[in-house]
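S.K.: Following this message is one structure expressed as structure tokens.
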Amino acid sequence: MMARRRLRSVNKAFTIKRLLLIALALGLIAAGVFGVKAYLSSRSSFGTQTALPFYSEAVYACSNGVFYYVEGGKLRCYDPKNPDGATEMDLGTSDVSIAAGGGTAALYSGTAVQIIGASDFIDVGGQVLSLRCAANHIAVLRLDPSGAAAVLVYDKTGTLVDVIEQKDDILLDCGFYSSDGGDLMWTLSLSSSAATPLTTLTTYSYLKQSNESVATMSGVITVQNQLVDRVVFTKNSIFISGTEQLMRCDAGISGESWRLLTYGYKMTDSSTSAARPVFLFVPRGEEGETMNMVKLYSADEAAQPAASARTVQLKEGVHSIMLCSGKLAAFSDTKLYIYSAAGKLSATYELDFSCSGAKKLSENEVICESSDGALRLIKLK
């Protein structure tokens, strides 16, 4: 079980100095207009391409179409829809990471966190392991000097609103998922005492009441005898991908509906924009390698199991795969292949650049890397 209590930040000035200038200026970042080259968009047979003004080695994140990236000791914000309105500011260091989501972005390094737009930095009192962003909150997975983990939840002003501490279970991960009612967060923890794997998924809601965030634990799901690789939320369902099975639970966490055997495969992506959610599975141990065969699972959000599995034989040379708008997009160095949810090849496009890698950004957007490290944003039609 997780113990929850309020926590006051600890001042560790030495670890914060490198980010002190950020706290003084980030609130005014939108006002610092600088001259950048207007990167032109071009139309291709498969969609629209836009060259990005940074390379693959840059630290970057994207939220609501705006890119935040660190380059040459500067934080830069770039909106492809308004390239001439890009902004920048000096950080004094490039040793920072960026997280973004839901229209919120934050920098972090060591024990320090700076929410972009907030007036001050945050000392979380331990090493930042990961950071997630939502529309009105951020969640920091922190490891304190004693070795204990905790999730610290802050609102966009940097005010601490909740602490979820590790007690008997080991905190593994956390994240947010979208909801009309406010920011909803989940945590994943692993029992340290059970003889066989016992993973717990816990959800929390953070709703605004009288301009304050009210935290509520909303549900708990326990998964026995297997580890959890991935969690996918839709309006009506929670899908849990384990080392042996794909499980569906009601969104209200009223109980498990069904399970499908997926042993030997690992979920690497999902698409929930179509009427039926689609899940991409690859053979375990082959993630990140050139792949020959994958599986697509298309599932109904029903109380009874209603899912279909399709094996897809990929074209030779495919190195990057993802699900976009319910379809499988597969990139090779020179081509883009589109497969339907039923696993049938529906389109093949020649690329006008050498693609060395591709990364999904949204249901219809992909970032492609050229052999020279240049990046371009592709909006699929």
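S.K.: Considering only Cys355, Val66, Pro277, whose Cα is most displaced toward the positive end of the charge dipole of the chain, charges sitting on Cβ of Lys, Arg (+1) and Asp, Glu (-1)?
M.R.: Ranked along the dipole, the leading option is Pro277.
S.K.: So what is the calculated 222 nm ellipticity per residue for the chain, using -39500 (n - 2.57) for each DSSP H run with n of 4 or more, over all residues, to the nearest 500 deg cm²/dmol?
M.R.: Details: 2 runs with 10 residues, N = 381.
So the helix-based figure for the chain works out to -500 deg cm²/dmol.
S.K.: Write down the radius of gyration of region 218-331 and its Dmax, each obtained from C-alpha positions, in Å.
M.R.: 14.0, 46
S.K.: How big is the C-alpha Rg of region 48-125 next to the rule-of-thumb value 2.2 N^0.38 Å, as a ratio? The partial results should precede the final answer.
M.R.: Values: Rg = 12.7 Å, N = 78, 2.2 N^0.38 = 11.5 Å.
Ratio of Cα Rg to 2.2 N^0.38 Å: 1.10.
S.K.: Something else: Could you state the principal axis extents of the C-alpha atoms in region 180-253, from the largest down, to the nearest angstrom?
M.R.: The Cα atoms of region 180-253 stretch 46, 27, 15 Å along the principal axes, largest first.
S.K.: Can you give the FRET efficiency for Tyr177 and Asp333, using 1/(1 + (r/R0)^6), R0 = 41 Å, r = Cβ-Cβ distance, to the nearest 0.05?
M.R.: On the way: r = 35 Å, r/R0 = 0.85.
Result of the calculation: an efficiency of 0.75.
S.K.: Just how large is the dipole of the chain about the Cα centre, in debye to the nearest 20, putting +1 at every Lys and Arg Cβ and -1 at every Asp and Glu Cβ? Don't skip to the end; give the middle numbers.
M.R.: On the way: 35 positive and 37 negative charges, 77 e Å.
With only Lys, Arg, Asp and Glu charged at Cβ, the dipole is about 360 debye.
S.K.: Two decimals is fine: what is log10 I(q)/I(0) at q = 0.07 Å⁻¹ for the chain, from a Debye sum with one equal scatterer on every Cα and no solvent?
M.R.: Calculated log10 I(q)/I(0) at the listed q: -0.34.
S.K.: Pop the C-beta distance of Thr311 and Leu129 into the FRET formula with R0 = 51 Å and round what comes out to the nearest 0.05.
M.R.: Numbers: r = 37 Å, r/R0 = 0.72.
Efficiency for this residue pair is about 0.90.
S.K.: Also, quick follow-up: Rank Glu256, Glu57 by accessible area, highest first, at a 1.4 Å probe radius?
M.R.: The most accessible residue leads, giving Glu57, Glu256.
S.K.: Any number yet on Rg/Rh for region 136-226, C-alpha, Kirkwood?
M.R.: Details: Rg = 13.9 Å, Rh = 13.9 Å.
Taking Rg over the Kirkwood Rh, I get 1.00.
S.K.: Using Cα-Cα distances under 8 Å and only pairs 6 or more residues apart, what relative contact order does the chain have, in percent?
M.R.: On the way: 950 pairs, mean separation 40.2, N = 381.
The value is 11 percent.
S.K.: Taking one equal scatterer on every alpha-carbon of region 234-297, how large is log10 of I(q)/I(0) by Debye at q = 0.25, 0.28 1/Å?
M.R.: Rounded to two decimals, the profile gives -1.10, -1.25.
S.K.: Need one number: nm distance between label points at Glu212 and Ser146, each 7 Å from Cα along Cα→Cβ, rounded to one decimal.
M.R.: Between Glu212 and Ser146, the label points sit 2.8 nm apart.
S.K.: Then there is this: Can you list residues from other chains, or at least 5 along the same chain, whose modelled amide H is less than 5 Å from the amide H of Asp162?
M.R.: Val153
S.K.: Still on this structure: If you place +1 on the Cβ of every Lys and Arg and -1 on the Cβ of every Asp and Glu, how big does the dipole about the Cα centre of region 233-318 come out, in debye to the nearest 20?
M.R.: Numbers: 9 positive and 10 negative charges, 33 e Å.
Dipole of region 233-318, to the nearest 20 debye: 160 debye.
S.K.: In square nanometres, what is the average projected area of the Cα convex hull of region 160-303? Show your work: numbers first, answer last.
M.R.: Numbers: hull surface 40.7 nm².
For the Cα atoms of region 160-303, the hull's average projected area reads 10.2 nm².
S.K.: Using a Cα-Cα cut-off of under 30 Å, which lysines could be cross-linked to Lys381, ignoring same-chain neighbours fewer than 8 residues away?
M.R.: The qualifying lysines are Lys37, Lys81, Lys235, Lys266, Lys295, Lys315, Lys327, Lys335, Lys344, Lys359, Lys360.
S.K.: Still on this structure: Averaged across orientations, what area in nm² does the convex hull of the alpha carbons in region 69-113 project? Please report the intermediate quantities before stating the final value.
M.R.: Numbers: hull surface 14.5 nm².
For the Cα atoms of region 69-113, the hull's average projected area reads 3.6 nm².
S.K.: Among Asn136, Asn364, Asn82, which one shows the highest mean-square fluctuation when the chain is modelled as a Gaussian network with alpha-carbon springs under 10 Å?
M.R.: So, out of Asn136, Asn364, Asn82, the one fluctuating most is Asn82.
S.K.: If you don't mind, there's one more thing I want to ask. Region 293-381: Rg/Rh from Cα coordinates, Kirkwood Rh?
M.R.: Details: Rg = 14.1 Å, Rh = 13.8 Å.
Computed over Cα atoms, the ratio is 1.02.
S.K.: Please identify the longest segment of the chain free of exposed chymotrypsin sites (Phe, Trp or Tyr not before Pro), where exposed means a DSSP state other than H, G, I, E or B and no more than 13 other Cβ atoms within 10 Å.
M.R.: Details: sites that count: Phe34, Tyr263.
Longest run free of exposed loop sites: 35-262.
S.K.: For region 98-164, report the % of Cα-Cα distances exceeding 20 Å. Walk me through the intermediate numbers first.
M.R.: On the way: 335 of 2211 pairs.
Above the 20 Å cut-off, region 98-164 has 15 percent of its Cα pairs.
S.K.: Something else about it: Using the Kirkwood radius built from alpha carbon pairs, what does the Stokes-Einstein equation give as D for region 50-205 at 4 °C and 1.567 mPa s, in µm² per second?
M.R.: Rounded to a whole number, D works out at 78 µm²/s.
The values are calculated or read from the model by the stated rules, or taken from the named source; none is laboratory data. Keep in mind it's a predicted model, so treat the numbers as computed, not measured. So basically every Cβ, Gly included, is an ideal-geometry build from the backbone, and we count neighbours across all protein chains shown. Ligands, DNA and RNA are stripped out before the accessible areas are found, and what is left, the full protein with its side chains, is counted by its heavy atoms. Shrake-Rupley method; radii C 1.70, N 1.55, O 1.52, S 1.80 Å.
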